[in-house]
1. Could you grab me the full set of residues in the stretch 207-243 that are hydroxyl-bearing (S, T, Y) and not in a helix (DSSP H, G or I)?
2. E286: among the acidic types (D, E), touching a residue at least 12 places away in the same chain (Cβ under 8 Å) and within 19 Å of Q169 (Cβ to Cβ), yes or no?
3. Say we look at the stretch 281-297 and pick out the residues that are open to solvent by 30 Å² or more (accessible area, probe 1.4 Å) and part of a helix (DSSP H, G or I); which of these is modelled with the lowest pLDDT?
4. Hey, among the residues in the stretch 233-277 that are free of Cβ contacts under 8 Å to residues at least 40 places away in the same chain and farther than 30 Å from V89 by Cβ, which one's least open to solvent (accessible area, probe 1.4 Å)?
5. Quickly run through the stretch 158-206 and pick out the residues that are touching a residue at least 24 places away in the same chain (Cβ under 8 Å), charged (D, E, K, R) and either in a loop (DSSP other than H, G, I, E, B) or surrounded by 14 or more Cβ atoms within 10 Å (Cβ to Cβ) (or both).
6. Would you mind finding the one in F196, F178 that is at pLDDT 95 or above and over 23 Å from M124 (Cβ atoms)?
7. For the stretch 141-151, check the following and say yes or no: at least one residue is out of contact with any Lys or Arg (no Cβ under 6 Å at 6 or more places or on another chain) and free of Cβ contacts under 8 Å to residues at least 12 places away in the same chain.
8. Could you give me the residue pairs with C-beta distances under 9 Å whose first residue belongs to the stretch 93-117 and is surrounded by 14 or more Cβ atoms within 10 Å (Cβ to Cβ), whose second residue is basic (K, R) wherever it lies, and which are 6+ apart or on separate chains?
Amino acid sequence: MRSSNPVFSRRGFSRDNSGYAGFGAGPQAGTAAQGNPYATNPYADNPYAQPTNPYAANPYAQGGPDLQQGYPQAPTAAQAGRMTIDDVVTRTGITLGAVIVTAIAAWALSLPVAVGFGAGLVAMVLGLVQSFKQKPSPALILAYAAFEGLFLGVISKVYNDVAYGAPMQAVLGTMAVFAGVLIAYRARIIRVNRRFTRFVIAAGIGFLLLMVANSLFAVFGGGDGLGFRSGGLGVAMGVVGVLLGAAYLALDFKQIEDGIQYGAPREESWLAAFGLTLSLVWIYTEILRIIAILNND
């Protein structure tokens with residue numbers, strides 16, 4: 001069973017007329033911005049997104065906050081309701097903290113594998129519920145993080161018994177992937193546009209369906225099913241999984257950047273934290289599986 005489902009949980013900050021979020025929002029065909037899903041402001045109707053320059057009234061800030069001199073005015077009440085990078089970092093820290101704390105507890109208590117998989121199933125259901133909600137629910141996201149942590153704690157201990165030190169190596173690997181994607185995104189080596197988004201989502205759905213088919217063959221046919229989780233093929237599929245997780249991280253960074261730029265409500269920072277947590281969990285489990293396969297071989 002997969003520990004998370006980034007494919008069905010990816011939600012852009014822009015919302016269509018149905019109230020659901022997605023990456024498809026953007027200019028229609030025939031417009032000057034065709035091909036760029038971020039050319040329009042998804043927060044045009046957001047009372048928090050003020051189109052005016054908050055530094056216009058400051059004679060010392062001749063160009064905005066990027067100058068080394070000048071003192072920007074204090075944000076207005078409306079501006080204070082916008083999402084900021086500090087909000088995203090704080091909510092992500094809380095969500096990942098819940099995952100880590102419950103994972104450590106599950107490891108220390110040596111919870112049975114059945115309990116771990118049950119917690120993983122609950123986490124998957126909670127993640128799907130949040131994915132289809134119109135607004136982020138902090139309680140739901142934290143509940144997902146807690147059950148996901150229980151699942152990760154149990155499987156991490158199992159993998160550690162098979163390949164000692166594998167969980168710590170997977171944590172370091174996940175941190176390295178996160179840092180690498182963030183640097184590449186900031187340097188614009190990775191450019192998230194409509195084509196990139198469609199490719200990543202399609203590849204993620206295909207990968208997920210393939211893993212589900214492999215699991216079904218393993219359950220009803222025994223062994224490793226189609227062989228996608230063992231040997232050289234298992235390592236190759238694990239690498240593909242890590243690359244997909246990295247691509248979803250890039251989508252998360254783009255969502256966060258657009259949310260801050262367009263003045264998303266502060267509550268959307270919980271959605272950003274939820275997306276980052278899903279992507280990091282995906283990457284961690286794939287790296288953990290790769291390490292275990294290599295150690296067994």
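1. Within the stretch 207-243, S230 is the sole residue that qualifies.
2. Considered against the rule, which asks whether it is among the acidic types (D, E), touching a residue at least 12 places away in the same chain (Cβ under 8 Å) and within 19 Å of Q169 (Cβ to Cβ), E286 comes out as yes.
3. Filtering first and then ranking leaves N296.
4. M237
5. R194
6. F196
7. So far as the stretch 141-151 goes, no, none of its residues is out of contact with any Lys or Arg (no Cβ under 6 Å at 6 or more places or on another chain) and free of Cβ contacts under 8 Å to residues at least 12 places away in the same chain.
8. That search, which allows pairs on different chains as well, returns A106/K157; W107/K157; L111/K157; G116/K157.
The values are calculated or read from the model by the stated rules, or taken from the named source; none is laboratory data. Quick caveat, the model's predicted, so the values are computed rather than measured. We place every Cβ from the backbone using ideal geometry, glycine too, and count neighbours over all the protein chains shown. SASA here: full protein model, heavy atoms, side chains in, ligands and nucleic acids out. Shrake-Rupley method; radii C 1.70, N 1.55, O 1.52, S 1.80 Å.
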